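Just below is one structure, and these are the notes that go with it.
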Amino acid sequence: MQVQALALLAVVVYLGTAVCADYVFESLTVKGVGYQSHEVFGETASGDSGQKLSQRTQGSGSAYGRTTFELDASLNSINFTQAAEFEYFPVSYQTGTYDRKWRDQLCVKNYDIGAVMTESYDRAEHLQKDTEVRSIGNDTRFALQAQLSSDVIGVAHIGWRSIKTEPESHGRYLQIGGSREDLTGVFSVDKYIELLLNTSQAEEETDWLRCT
């Protein structure tokens with residue numbers, strides 16, 4: 001049985017000059033056996049500003065996943081959840097043979113507070129995960145929050161950084177804090193990340209913010 005996907009996509013569009021959708025909601029459920037490749041990305045503002053998210057899943061074998069993605073440009077916010085379980089094995093059809101271990105990569109950037117987090121799994125023979133991420137920047141709240149839980153046989157990387165949004169005198173951006181977890185083997189991971197700005201207004205946006 002090939003991988004089956006059921007997706008619900010809601011997009012609100014306001015008509016006018018140079019205006020696009022500023023609210024997007026996607027709900028996706030995938031269950032089956034075969035090869036899966038799924039990618040979602042979004043940003044609330046162009047350039048080095050606002051909230052940005054990119055996520056991609058690829059692999060062959062059995063797959064079960066529930067994913068929701070919500071972007072609200074008017075609130076400058078992105079919400080993302082994923083509950084999934086993947087088991088690797090090669091599959092063959094008349095159209096070809098698919099033999100790829102599972103890869104799941106997520107990067108979220110909040111340019112308003114200079115915060116970035118990455119959750120990445122590669123060459124995974126087994127991956128079971130629950131991920132909840134919220135990134136927001138408006139007049140009442142500036143935050144990047146993530147709740148991560150996973151069991152993996154493969155390679156895992158989880159990291160975050162908090163960077164001052166204005167450069168120092170030598171043009172360098174001060175790193176307030178950061179964390180990296182690099183794992184290869186059989187592991188269970190539970191991690192909560194909360195990066196906040198405790199003032200009512202954010203400073204100027206950074207020029208760049210790399211994934212950790």
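Scanning the range 164-210 for residues that are modelled with pLDDT of 80 or more and surrounded by 17 or more Cβ atoms within 10 Å (Cβ to Cβ) yields a total of 2. Within the range 103-125, can you find the residues that are more than 24 Å from ILE78 (Cβ to Cβ) and either touching a Phe, Trp or Tyr at 6+ places or on another chain (Cβ under 7 Å) or surrounded by 24 or more Cβ atoms within 10 Å (Cβ to Cβ) (or both)? Within the range 103-125, ALA124, GLU125 meet the criteria.
In the range 77-121, the residue that is farthest from LEU196 (Cα to Cα) out of those that are in a loop (DSSP other than H, G, I, E, B) and modelled with pLDDT under 95 is GLN94.
As for the range 52-66, it holds at least one residue that is in contact with a Cys (Cβ under 6 Å, 6 or more places away or on another chain) and either of a type in the set (Asp, Glu) or surrounded by fewer than 17 Cβ atoms within 10 Å (Cβ to Cβ) (or both). Collect the residues in the range 80-108 that are charged (D, E, K, R) and under 26 Å from SER149 (Cα atoms), keeping them in residue-number order. Hits for the range 80-108 are GLU85, GLU87, ARG100, LYS101, ARG103, ASP104. In the range 76-85 there is no residue matching the filter, namely being over 21 Å from ASP139 (Cβ atoms), in contact with a His (Cβ under 7 Å, 6 or more places away or on another chain) and either surrounded by fewer than 19 Cβ atoms within 10 Å (Cβ to Cβ) or hydrophobic (A, V, I, L, M, F, W, C) (or both).
The values are calculated or read from the model by the stated rules, or taken from the named source; none is laboratory data. Just so it is clear, the structure is predicted and the values come from calculations on it, not from any experiment. Please note: Cβ atoms are built from the backbone with ideal geometry, for glycine as well, and neighbour counts cover all protein chains shown.
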